[in-house]
Each structure stands twice: as structure tokens, then as C-alpha cells.
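For reference, the structure discussed in these notes is given below.
The values are calculated or read from the model by the stated rules, or taken from the named source; none is laboratory data. The structure displayed is predicted, hence computed values, not measured ones. Methodologically, a virtual Cβ is constructed for each residue, glycine included, from the backbone with ideal geometry; neighbour enumeration extends over all protein chains shown.
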Amino acid sequence: MSTVALEGVAARPVVRAEAGVRSRILLIDALRAVAATTIAWHHFAQYWPLSESSQPVLGNAFSWLNNHARAAQVFFVIGGFVMARSMAHRHWNGVKVGSFIAYRYCRLGLPYLAVILLAIGACAVGRGLLSDELIGPPPTLPQVLAHTVFLQDILGYGSLSAGLWFVCINFQLGLVYALMLWMRDSLSYRLSVPSNVWWVDVPLTVGMILSVASLFFFNLDERWSVWCVYFFSEFFLGILAQLAIQSESGRKWFSWYILLMAAAIAFQWRWRLVTSLGVALLLYFSESRGIRQRWSTSGMINKVGRMSYSLFLIHFPVFLIVASLWIRLEWDSPSQTVCGLAIAFAASLIAAAGFYRLVEESASRFSRRFA
């Protein structure tokens with residue numbers, strides 16, 4: 001540390017680089033915080049009974065939340081952006097792909113499994129008070145086993161908590177990207193050519209093909225929403241945003257892809273694609289135009305962003321407990337239910353903070369054994 005300090009002017013680029021990395025993280029944290037909060041309130045606007053009773057007060061807001069507040073695509077774009085930054089420059093083989101699968105399962109799956117247990121308990125508390133449509137029937141062993149391997153939606157089992165489909169899709173996307181990188185490096189080694197040659201660069205060429213198929217076919221049919229191809233175009237947009245920061249050729253691919261996204265939106269309007277484009281452009285310009293150096297955010301937003309995955313997971317069990325209490329106490333006036341929703345969100349933030357420290361951070365530390 002003292003050596004760097006003595007170098008005076010030479011130390012400044014290091015300081016700027018460190019500040020730039022931190023600013024970039026703060027921006028991503030802010031986007032994650034907004035997305036997780038939006039998703040929580042989107043669900044609150046859907047769930048009976050509090051949403052129904054609060055309609056006289058929050059009817060217009062809930063109508064907008066129901067129709068437009070779907071922010072999972074923000075996480076898909078950020079996921080592609082972060083994975084490209086951390087994974088694309090590494091050399092991949094079969095062993096590393098296996099390690100990545102174990103790492104990814106522990107990082108995503110352990111908090112996911114923990115919240116399933118909490119959701120089962122919350123549903124048990126609400127059974128007899130809340131509707132069967134909301135809490136579902138008691139879980140079966142095959143249903144639980146399907147959840148442990150992220151296959152419940154593919155196999156046709158009901159979800160044990162809200163939003164678990166996102167974890168399954170996120171796991172699929174990470175697996176597909178790792179396999180693409182392994183194929184790239186295997187081809188490069190066998191053919192003795194650089195991995196950045198376009199017909200060897202599998203993540204770029206195959207990713208573009210899959211994205212076109214996603215934009216103009218898979219993403220237009222809800223039956224494909226249990227597979228990552230439905231969302232692949234949004235994930236790939238984040239990858240290209242990262243590549244655009246790194247090279248001139250990456251910027252060209254990113255520019256062409258923006259035009260492709262615009263064509264897909266013109267072909268059939270999809271608000272989630274517009275949101276994805278906005279997030280990707282913000283990430284790109286914050287890096288390439290120096291916005292990241294001026295970016296700042298509040299400590300609260302930063303904390304919510306870091307624990308956004310925990311908030312995403314935990315808000316449904318918390319809502320069930322609060323809604324069950326409100327029904328038992330017969331607090332069903334509009335003002336009382338609005339208060340209940342506010343308490344449910346505040347309790348979700350508190351529970352997410354505890355879940356993050358006790359479960360998510362522990363899962364993250366354990367997963368690094370496979371990184």
C-alpha cells in the first residue's frame with residue numbers, strides 16, 4: 001500500500017479503476033433493487049385477499065402493476081452481462097463445466113430450497129384461511145423432488161412458491177452459456193484456430209441463431225416459457241452489451257442486435273423487450289461513456305440490490321403469513337388491507353436481510369468451493 005502511495009501520479013489510474021468497478025457494481029445493485037421491489041409488488045397486486053380488499057384505494061396502481069410491472073427480464077439482461085464479464089475470458093473444458101454446474105446449483109439452489117421449506121410452512125399456516133388457488137394443495141413427494149432438480153414446471157407440477165420458475169430458467173441459461181464456452185474452446189483447440197474466429201466463437205454465432213429463434217418464434221408462445229429459449233434473447237442482449245464495451249467488433253454486433261430487437265418489437269409488441277433494451281443500453285453507456293464514474297446510490301438501495309435474490313425468494317412466504325393474520329383478525333377494510341400490504345413489504349425487507357445473511361451468504365461461500 002505504501003509503495004503505491006509513494007508513486008504519486010502513477011497510483012491514480014489504479015484508484016480510478018477501483019472506483020470504476022465499484023460504480024459499476026452500484027449501478028447493477030440499483031437495477032436489481034428496483035427489479036426485485038417491482039416483482040414483489042407485482043405479486044402483491046395479484047394475491048387475494050389483500051389485493052382485492054385494497055382495490056378502492058390502490059385499484060389504479062394495482063392495475064398497472066398487474067399489466068406492466070414484470071421485471072424478471074432485468075435480471076436476465078444483468079445475468080448475461082455479468083456472466084460474459086466473468087466467464088468469457090476463461091478457458092473451459094468438461095471438468096470446469098461440471099464444477100460450474102455444482103457452483104451454480106449451490107449458489108442458486110440452496111437459498112431456493114430453503115425458501116421452499118419456508119413457503120411450505122407458510123402455506124400450512126394459511127390453509128383454511130386463504131384460498132386453495134393461492135396456497136395450493138399440500139405438497140407431494142414427487143412434486144418436492146421435481147423442485148430439487150428445477151424441473152417442476154417442465155414436468156407439470158404446481159410451484160411451491162411464487163417466482164421459482166425464474167430460478168429454474170436462470171439455471172438453464174447459465175448451463176447453456178457454460179456449454180457454449182466449452183464448445184468454443186474445444187473447437188479452437190481441435191482446429192488450432194483462435195477462439196474469436198466467428199465460426200469457432202460458439203457463444204456468438206449460436207447465441208445469435210438462438211436469439212433470432214427466441215425473438216420470432218419461442219418468445220411468442222407461452223408454452224415455451226418453461227424453457228430458457230423463451231428468454232434467451234434477453235440474456236444474450238446482456239452478453240452483447242458486455243462484448244460491446246470490450247471491442248469494436250462487439251459494438252458492431254451489439255448495434256445489429258439492437259436493430260434485430262427493434263424489428264421483433266415491431267413484429268409483435270412486447271413491453272419486456274423494450275425494458276430489456278433500456279437496461280442493456282444503460283449498462284453499456286454507463287461503462288463506455290463514463291456515466292459509471294458519476295453514478296451514486298443510497299445505502300438502502302445498495303443493500304436491497306445486494307439482497308435482491310433473497311427479497312425475490314422470501315416475499316411470498318412473508319405475504320402468506322401477513323395475509324393469514326389479517327384474515328384471522330378480520331382486518332378487511334381498504335385502509336386496513338393497504339396497511340397490511342405495507343407491513344408485508346416492510347417485513348419482506350427485514351426477512352430478506354436475515355435470509356441474505358443466514359442463507360444466501362452461506363450458500364455463496366459454500367459454492368465458491370466449486371468456482
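For this structure, a couple of remarks:
- Contact annotation: residue pairs with Cβ atoms under 6 Å, 6 or more positions apart or on different chains, pairing a residue in the stretch 144-160 that is more than 17 Å from Gly174 (Cβ to Cβ) and part of a loop (DSSP other than H, G, I, E, B) with a partner that is at pLDDT 95 or above and β-branched (Val, Ile, Thr), are Leu160/Ile116.
- Checked against (1) charged (D, E, K, R); (2) over 19 Å from Phe75 (Cα atoms); (3) in contact (Cβ under 8 Å) with a residue 12 or more places away in the chain, Glu330 passes all but a single condition, namely (3).
- Restricting Ser348, Ser362 to residues that are assigned to a helix (DSSP H, G or I) and either surrounded by 16 or more Cβ atoms within 10 Å (Cβ to Cβ) or at pLDDT below 90 (or both) narrows the list to Ser348.
- Residue within the stretch 163-171 that is of a type in the set (Phe, Trp, Tyr), buried (at least 18 other Cβ atoms within 10 Å of the Cβ), within 30 Å of Leu50 (Cα to Cα) and modelled with pLDDT of 95 or more present: yes
- Boolean, Val97 is closer than 30 Å to Met183 by Cβ, out of contact with any strand residue (DSSP E or B) (no Cβ under 7 Å at 6 or more places or on another chain), surrounded by fewer than 20 Cβ atoms within 10 Å (Cβ to Cβ) and among the hydrophobic types (A, V, I, L, M, F, W, C): yes
- Number of residues in the stretch 183-207 that are among the hydrophobic types (A, V, I, L, M, F, W, C), surrounded by 17 or more Cβ atoms within 10 Å (Cβ to Cβ) and in contact (Cβ under 8 Å) with a residue 24 or more places away in the chain: the value is 1.
- Neighbours by Cβ (under 8 Å, 6+ apart or cross-chain): first from the stretch 252-277, touching a residue at least 12 places away in the same chain (Cβ under 8 Å) and of a type outside the set (D, E, K, R); second crowded, with 16+ Cβ neighbours inside 10 Å and not in a helix (DSSP H, G or I): Ala264/Arg270; Trp271/Arg70; Thr275/Ala71
- Residue match in the stretch 39-50 (condition: surrounded by 15 or more Cβ atoms within 10 Å (Cβ to Cβ), free of Cβ contacts under 8 Å to residues at least 60 places away in the same chain, over 30 Å from Leu187 (Cα atoms) and touching a helix residue (DSSP H, G or I) at 6+ places or on another chain (Cβ under 8 Å)): yes
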